[in-house]
Structure formats: C-alpha cells, structure tokens
Amino acid sequence: MKIHFHLRYSTRHGQNLYVVLQRDGAEEEHPLSYLNDELWDGSVDLGAAAPASVSYCYRFRDAEGNERTDWGMRRIDPGDIGGDMIRVFDYWNNPGAVENAFETQAFKVLSGKSVATKSSNKGSFTHIFKVKAPLLGQDEVICLLGHGRALRAWDSAAPLLLQRGDEGWSLRVDLAQEDFPLAYKYGVWNTRTNKFLGFEEGNNRTLYSGAQEGPIVLHDGFVRLPDMHWRGAGVAIPVFSLRSKTGWGSGEFGDIRLLVDWARAAGMKLIQLLPINDSTATHTWTDSYPYAAISAFALHPLYLNVAQLAGKKHAAVLKPFLKRQKALNALEAIDYEAVMQLKWEVIRALYPLQKDEWLADAAYREYYEANRHWLDPYAAFCRLRDKNGTADFSKWSSHQKYKSAEIDKLLSPLSADFDDVAIYLFVQWHLHLQLKEATDYAHAQGVVVKGDIPIGIYRYSCDAWIAPELYNMNMQAGAPPDDFAVNGQNWGFPTYNWAQMKADGFAWWRQRFHQMSLYFDAFRIDHILGFFRIWSIPMHAVEGILGHFVPAIPVTEQELRDAGVGFDYDRLCKPYVTEAVVHEIFGEDANWVAENCLLPRTDERYDLHPDFATQRRVEQYFVQLPATEQNIKLRDGLYRLISNIILLDPTAGAKKKDPATGYHFRFGIEKTLSYQHLPEAAKAPLKALYVDYFYRRQDDFWQAEAMEKLPALKRATNMLICGEDLGMVPHCVPDVMRELGILSLEIQRMPKAAGAAFFHPKDAPYLSVVTPSTHDMSTIRGWWEEDRDLSQRFFNEILHFEGQAPYFCEPWLNRAIVEQHYRSPAMWSIFQIQELLGIDEKLRRENPQEERINIPANPRHYWRYRLHIALEDLLLEEHFTGEVKQMAALSGRI
C-alpha cells in the first residue's frame, strides 16, 4: 500500500516541503519533491500491513533552518478506501487562516447538532471529495455540482449532498466515465426546504485526472462562503465573584449555571472566567490571588458546593453550619479565610460518611487512573504542606525532594496518613463532577466557556516540587514598569526553563491543555509576551524595576566604548549614591540614611551598607518595624536608591565575568538620577543604545523564540486561543499572533500604537477580543473619574460629543462606550459584568471604586470582589437583560 501525496504550495529556491506521518505516537518525516511552481509530490510506502488510518500534516523548512507546520492533522483511511495506491491532492492549511478559528471547540459548541443527510457514499467510487464549512446555518449542508453526469451536470435542483464527519464534509463519487479536466464547485443546500441556496464564491475548481492508478482523495480546504466574519459577545467574571442566594460566601461552580442562563437571555455566546486552580499556600487571605496556583491541574476547594456534596442523604450534617453560611453569604465582599474554614469543616464532617462509597465508585476509579499523574503528587503535597505548616518544601522535615515511591507509601490505605491525603482526592473528584456538570450545561445551551491560563506557577507549588528542573527557581517573573505599575511588577513566580520543556516535547503544557479542555472551549493566555521573552528579576530584588528581558541580546562593553560612552563598571553597573542624590530622595531624612544605611567612600560617593545592599535586605529590615508612613517612606526611598542604576549585570557577584553575557539596560534610565548626573556628552549616545536595545535589536530574536514554542503548544489543543498581549509589546508579536491565528486583546484605554491616547474598537482586527477593561483595571466608571483631562478628551475625540464632559460616568455615557465595543469588527466583544450593569442606574453600584477586582501595582492585593446582586435576582431584571440583548442584536452579535 502506497500513498502518493500532491501538495499545492509555491516555494523559492532553498525551501523544502515534507509530509509528516503520525504513527505509534511518533513522527515520520518524508521529503516531497518539487514538481512545478505550484505543486510538490512524493510517495510513502506503508508496507504490506497498511494501517487502518493514517494521520499526517505538512512541514516547511528553509536553508536557514526556519520551520513551519501547517495547521491540523488530516486523516486517510487506507483500510476503508482499499487499493494498492491512494493519491491525495492537498492544500497547505495556514495556521493563521480565519477559517481555522471556526474549527475549534468553541465553534463546535456554537454550531450545535449536525444535520443528517442521505448517504451518497454507497457503491463504487473513484474520488473522495473532502471540504470544510464550519459556519453553516440551521438545516444547511454542503452540496457538490459540476461538469458531467456523475456531478449532476450543474443541476442545482438535484445536487450531490456531502455528509458531515469528524474532519468536515465528504462525498465519494464514481467518475470513471467522465472526461478530464473536470470543473466543479461546492454550494449550500437547505434540507428543510429542499432548496439550493447558492454556490461558493470564486472560480470553478478543477480536477485534472482520473483514478487510473487508484482512488483519489481531494482535500479542498474550506468552502468559500461569502461571510466568514461571525461575531459574538460574552460576559467576564471570576467564579469567586458570583453571588447566589444559596451560596456559602463566595461563588461556586454550581453558580455557573445561573450565569449561563443570564448570558443566554442577554444574547451572550460566551462566559469568561479567571483561573480556577487551587491556590491554597498559606491558609490566609493572601491565597485569594488566583494566578498563584499550587497546582496547574487541581481545582480550588473554594468553588465546591458543599450542599450538593452532602446531598439529601447527609443534609442533616449541614445544619450546625447554616447560621455561619447565611452570615458569610450576606457579606458585600468575600471573607476568604472564613469561607475556606467553613467549607473545610463541612468537608471533614462529610468525608468519613462518604469515604467507602466514594472509593468503590467505578466512575471515580476511572477518573483517578486518568489523572493520577497529578492527583497523587497534589494530594501528598497538600498533606505535607499542612503537616509542616508551609508550602515551602525546602523547609519540610521530610520529602523536600519529590520521590514517587515515597508518595506511593503515603497514598497506601495502610498508611497512617491515608485519610489526611485521600481527602484531597475526594474533594478534587467532587469539584470535577460539579464543574463538568456546569460546563456541560453551558454547552447544551450553546454557550462557550472560556478559561484563563496563568503565565507562571507559584514558587512553592506542587509543580515546582515535582519537577524543579522545568523552572528557573533562582529568578522571579514579572513585568516592566508601565502607567499601572511605575516600578514594574514582581509576581514572584520562577521563570520557565524552556530548553528543558522543549526537550520532552512540552509534555507539561500538553497535559495542562488537556486538563483545561475537559471543561473549557477557549482560553486566554495570560501575558502571552512571556512566550517571546519574560521579564526576569533577580531574587534579591523586590520591585520589578530591577528586572530585564530573558532572553535578550545584551549590550557589550565594546558597544559602549564605540558609542563614545566608555565603560566604567562602578559608575554604570552599581547604584549611584552621592550626597546630592541622598538629599533629593530622602530630604530631611538624608542624614539618618547616610549614617545608618551607607558607607562613605573617598570619591564623594557612598556604598550601600551590606545590611541594606539589596531591596530584599531592606524589606527584611523594615518588615520588623511598624508599618508607619515614615517607615514606608524610608523603605521605598531605599528601594529607589538601590535601583538608581543604568546597566544591570546578570552575572554580578561571579568570580569571573563572561564577556558574552554582556549587560542589560535598566528600564527607564532617563528617569534615574544616575543618568541625569552623567556628563551631557554621554547621555545622547547612551539613550540611543537604550532605544536600540529595547525597540530594535531584539525583534527578530524574540520572534524566533516565540516560534520555538507557540506553534507546538497551539497544536496541542483544539481550544480557541486568545492572547493577552498588553504592556510593552514588541513589533514581532502581532505578526506571530496573526501567523498562528491567535486572537489579540484590544483595550480602548491601552492603545498599542505609539503616541496614541486611545484605541478605537472600530479599528480592531477581526481575530481579536475587544473589551473596555479587564480584572486588572478600573471599570469604565472608575476610570472616568481618575483623570478629568483624559476623560474630557475621550468624550470629545472618541465619543464625538461636544462641550463639557459629565463629571461622573452616567448610565447613558456608560452605554455609549459599551455600544462602541458591540459594534467593533472584532470576533468577540467581551465585557466585565460590572460594565454592563453600569448602563442601569438602578442596578449598578453607587461607588464605582468598589467594582474593581485587582490592583496590579499591589502584589498583596486581596481578591474579594463580589457581585452585589444575586444571579437569581438578575435573571428577574427583564428590562436590563433586554437592553443588553438589544445592543447585541443591533450590532449583529446574535
């Protein structure tokens, strides 16, 4: 059995194409040969015992080693087709093609059930036509017409109807008696009215040869339908923020059903959630931070509905807890510690009553076997965290290093720790059941569920404990300074060891995507810029300002000399501290700082005292003191003094400097006193190097870095991928996202164009998500009051209203901004629920500052925002829901 592949693809000299077969979990790469300017071909011998099915794709490679793989895996079924030779005519499926988005899981949810057609695939055949058409309407199917009797001689009253399958639409036809070349075209047929609705756009397709050597399979790509720009709307809210009348003080997975009901009534096609993984590290309110999960796989016990867990059989167990439940559920904001404490008391009361039945449940055993690769380590990690009083596994009395054999002992039913470990398995099983039930309900209602993948992992997480080699545990991830965090952000997460991850085929990421796909149809990649480069901060730093991008092409000593700056390590790479600098930063406290924190030098400069030489040491000093305004001022001033530097040396402290490592500019050097105190002749060439470093030299390098990771990760899932591409965006990022078909994020008050004050939703690319705000920002109403001059400009320039802007964002004004986003050409318009409530005077909160979920500049922010109205009551607000639905309808998003 042989398969002869023909691929339509135009190449240049030095470029080569390959067909890549997937067999037994491994890739087989077979070279194709250049046939002419538009066609490559090649044969693959499958051997005497041909497999029943062959999956394959195509790969491009040029002389420089650049590599691209087309999108999706095609399938040929030799056992079903028969014959000794199968000829396949294929197309290159560009990953960035808009049509591919409609083949994702999100659009499978939106498309609903397939239409049944009468089979035309019986009897003998010479050709198999295969084509994709994801955006068909109700009762619509793909049909085929063309020259010759077998293709119905273009008779649109009686076309050949294709059948829908896993790979799109297909049809087997016997063309043995037809003359070639033969013209044909696809069209659309309505099975309810039995009417031909029209042909696809463009020229006729042409089939040039018959099947003299064996059956021919034609992969024709996508039907050229006239409107491939479907648009929908969605609502975003964290699960913890949901409020229901039966809740236990925070949102739960069961509340998702109510959210789906409201979203559907309001014309929404999608609900978007924040990360839902377990973040229990300290058993305090600081665990409320959803982006610091202790497991990339485990679900958060916060979201467990304990009443559903108890069921009717054990409902009496809940009675002693109901008074506290009612009090917590009445609170305006989440009391994270009290809610977690209450739920765990209920869980521990129910566990012994349900243990035996749970362990004997065949469905649980199946779930356990499929997920034990993360379940066992996670459950053991939780037990050891609690036993040792810390998630920092380096401080545990035993099991500091993960060893599977030792974990197996903990999980043995004969172990004294078994119940203390198994209770976490018990909770994860029921969380899985409740989330699966909620998302299955959403899918049944035709509503897409979009999740969120954090860019990092918690430093003291189960993932880091199991495989520390996958992470750079000696570094911290964060983000450079911006208008929202002027000293940068330090998330504290270790950065990824991408070389190690690539070595095993990104297995951890593949497992992570698979786990998400059990519940979600789309997801947001938090800080997708981290796949190009990550802001990497040394462990001795507290603020993000002392980080630099990794990887990055450094600045060398020779470059500095050639530019006329010269190179003085002490002046450029160490904090510049003089009496004038100390007085400018500390004012009347300058003498105290000089006497206690500095060491005088002989050149009218100071060195930092060893006890205050790093931001981390400063933090440790002041954490012991009362958090008075004066102490905070001194601490922050010392942070600034330590970061008063121009070049960062990634090998500082090493015995010998490797010249290849070079140096990295501190972000915003022109704002430092060190730069301002330089000779004027040095400033301009130094700033030119700075601009080149951040905005020019890295672009191709970072693009290559992203293309090492993102294509492989995108191929690992069929969920719709949306990137959060905000912040300091390299020029290469939009190109890579377009090439891979990853949706961008567009926010009105965070324009990506240099020098722009605002972004207008009407300018959004189709493959994007537009939104007025995210959880990291103030809402429309809050933003309106932050800067009067800016809101006035927005009022006149973007909304095109004349005169004075209202002081407050009144409902009509809020609605005008929301409507702009509805009318955008973007595929998705997604709104925080607070933005939608803002259009209604009666329903919105009185104080817009209470609508904000997170403040990124504060690493210890308490995530406790909660809807102020129960979802059951929101469903009764028919006028408001009708207004939201009307906006969706008028903008064509229903």
statement: Checked ASN814, ASN847 against criteria (within 29 Å of the chain's Cα centre (by Cα) and more than 29 Å from ASP227 (Cβ to Cβ)); the one match is ASN814
field: Residue, nearest to THR69 (Cα to Cα), within the stretch 19-46, restricted to residues that are touching a Lys or Arg at 6+ places or on another chain (Cβ under 8 Å) and of a type in the set (D, E, K, R)
entry: GLU29
- prompt: If only one of SER773, SER744 is modelled with pLDDT of 95 or more and in a loop (DSSP other than H, G, I, E, B), which one is it?
  reply: SER773
- request: Select from the stretch 590-599 the residues that are surrounded by fewer than 12 Cβ atoms within 10 Å (Cβ to Cβ) and touching a strand residue (DSSP E or B) at 6+ places or on another chain (Cβ under 9 Å) and list them in ascending order.
  value: none
- prompt: In the stretch 448-459, is there at least one residue being open to solvent by 10 Å² or more (accessible area, probe 1.4 Å), under 23 Å from ARG348 (Cβ atoms) and among the aromatic types (Phe, Trp, Tyr)?
  reply: no
message: Can you tell me which of (1) open to solvent by 20 Å² or more (accessible area, probe 1.4 Å); (2) assigned to a loop (DSSP other than H, G, I, E, B) is the one VAL317 doesn't meet?
response: (2)
message: Just to check your reading of the model, which residue among GLY530, GLY564, GLY505 is assigned to a helix (DSSP H, G or I) and in contact (Cβ under 8 Å) with a residue 60 or more places away in the chain?
response: GLY530
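What residue, among those in the stretch 438-447 that are of a type outside the set (D, E, K, R) and either touching a Gly at 6+ places or on another chain (Cβ under 7 Å) or surrounded by fewer than 20 Cβ atoms within 10 Å (Cβ to Cβ) (or both), is nearest to TYR289 (Cα to Cα)?
So, considering only residues that are of a type outside the set (D, E, K, R) and either touching a Gly at 6+ places or on another chain (Cβ under 7 Å) or surrounded by fewer than 20 Cβ atoms within 10 Å (Cβ to Cβ) (or both), the one nearest to TYR289 (Cα to Cα) is ALA438.
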statement: Note on the stretch 2-21: residues modelled with pLDDT under 90 and surrounded by 12 or more Cβ atoms within 10 Å (Cβ to Cβ) are THR11
task: Name, by its number, the condition in (1) more than 30 Å from ALA442 (Cα to Cα); (2) surrounded by fewer than 20 Cβ atoms within 10 Å (Cβ to Cβ) that does not hold for MET73.
output: (1)
statement: The helices (runs of 4 or more DSSP H) lying entirely within the stretch 626-730 that contain at least 3 residues which are of a type in the set (A, V, I, L, M) and exposed (fewer than 15 other Cβ atoms within 10 Å of the Cβ) are 680-695
field: Residues (charged (D, E, K, R) and either part of a helix (DSSP H, G or I) or buried (at least 17 other Cβ atoms within 10 Å of the Cβ) (or both)) located in the stretch 76-95
entry: ASP80, ARG87, ASP90
- request: Would you be able to say whether some residue in the stretch 407-430 is among the polar types (S, T, N, Q), closer than 22 Å to GLN308 by Cα and at pLDDT 95 or above?
  value: yes
field: Residue within the stretch 536-543 that is open to solvent by less than 20 Å² (accessible area, probe 1.4 Å), part of a strand (DSSP E or B) and either over 16 Å from ASP452 (Cα atoms) or touching a Cys at 6+ places or on another chain (Cβ under 8 Å) (or both) present
entry: yes
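Looking only at the stretch 166-183, count every residue that is of a type in the set (S, T, N, Q) and open to solvent by less than 40 Å² (accessible area, probe 1.4 Å) and tell me the total.
Of the residues in the stretch 166-183, 1 are of a type in the set (S, T, N, Q) and open to solvent by less than 40 Å² (accessible area, probe 1.4 Å).
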field: Test result for ASN490, in contact with a strand residue (DSSP E or B) (Cβ under 7 Å, 6 or more places away or on another chain) and either farther than 30 Å from ARG749 by Cα or open to solvent by 20 Å² or more (accessible area, probe 1.4 Å) (or both)
entry: yes
message: Looking at ALA816 and the list (1) in a helix (DSSP H, G or I); (2) over 24 Å from PHE484 (Cα atoms); (3) touching a residue at least 40 places away in the same chain (Cβ under 8 Å), which single condition is not satisfied?
response: (3)
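Table: residues versus (1) under 19 Å from PHE297 (Cα atoms); (2) open to solvent by 70 Å² or more (accessible area, probe 1.4 Å).
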| position | (1), (2) |
| --- | --- |
| ILE334 | no, no |
| GLU357 | no, yes |
| ALA391 | yes, no |
| LEU411 | yes, no |
| TYR424 | yes, no |
field: Residues of the stretch 600-612 that turn out to be under 24 Å from PRO538 (Cα atoms) and either at pLDDT below 95 or open to solvent by 40 Å² or more (accessible area, probe 1.4 Å) (or both), as a count
entry: 5
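Could you please let me know if ALA405 is assigned to a helix (DSSP H, G or I), under 30 Å from VAL317 (Cα atoms) and aliphatic (A, V, I, L, M)? Step through it out loud before you land on a result.
Details: assigned to a helix (DSSP H, G or I): yes; under 30 Å from VAL317 (Cα atoms): no; aliphatic (A, V, I, L, M): yes.
Here the answer is no, as ALA405 does not meet what is asked.
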message: Residue pairs, Cβ under 6 Å, 6 or more apart or interchain, first in the stretch 375-403 and touching a residue at least 40 places away in the same chain (Cβ under 8 Å) and farther than 13 Å from ASP463 by Cα, second part of a helix (DSSP H, G or I) and among the aliphatic types (A, V, I, L, M). List them.
response: ARG383/VAL421
Unique residue being more than 30 Å from TRP828 (Cβ to Cβ), open to solvent by less than 30 Å² (accessible area, probe 1.4 Å) and not charged (D, E, K, R) when the list is GLY587, GLY530, GLY547: GLY547
Residue count, the stretch 876-885 (criterion: open to solvent by 40 Å² or more (accessible area, probe 1.4 Å) and either under 30 Å from the mean Cα position of the chain (by Cα) or on the phi > 0 side of the Ramachandran plot (or both)): 1
- request: Select from the stretch 553-584 the residues that are small (Gly, Ala, Ser) and either closer than 23 Å to GLY653 by Cα or surrounded by 14 or more Cβ atoms within 10 Å (Cβ to Cβ) (or both) and write down the one among them that is nearest to the chain's Cα centre (by Cα).
  value: ALA563
- request: Consider ALA370 carefully, then state whether it is in a helix (DSSP H, G or I), in contact with a helix residue (DSSP H, G or I) (Cβ under 6 Å, 6 or more places away or on another chain) and closer than 19 Å to ALA296 by Cα.
  value: no
message: Anything in the stretch 820-843 that is open to solvent by 10 Å² or more (accessible area, probe 1.4 Å) and out of contact with any helix residue (DSSP H, G or I) (no Cβ under 6 Å at 6 or more places or on another chain)? List them, or say none.
response: ARG823, PRO825, GLN832, LYS842
query: Quick check, is ILE466 β-branched (Val, Ile, Thr), open to solvent by less than 10 Å² (accessible area, probe 1.4 Å) and in contact (Cβ under 8 Å) with a residue 40 or more places away in the chain?
result: no
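Going by the structure shown, is ARG616 buried (at least 17 other Cβ atoms within 10 Å of the Cβ) and part of a helix (DSSP H, G or I)?
no
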query: Among the residues of the stretch 306-324, which ones are more than 18 Å from VAL239 (Cβ to Cβ) and of a type outside the set (D, E, K, R)?
result: ALA310, GLY311, HIS314, ALA315, ALA316, VAL317, LEU318, PRO320, PHE321, LEU322
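The values are calculated or read from the model by the stated rules, or taken from the named source; none is laboratory data. Quick caveat, the model's predicted, so the values are computed rather than measured. Glycine also receives a Cβ, built like all others from the backbone with ideal geometry; neighbour counts cover every protein chain displayed. Side chains included, ligands, DNA and RNA excluded: accessible areas come from the protein's heavy atoms. Shrake-Rupley method; radii C 1.70, N 1.55, O 1.52, S 1.80 Å.
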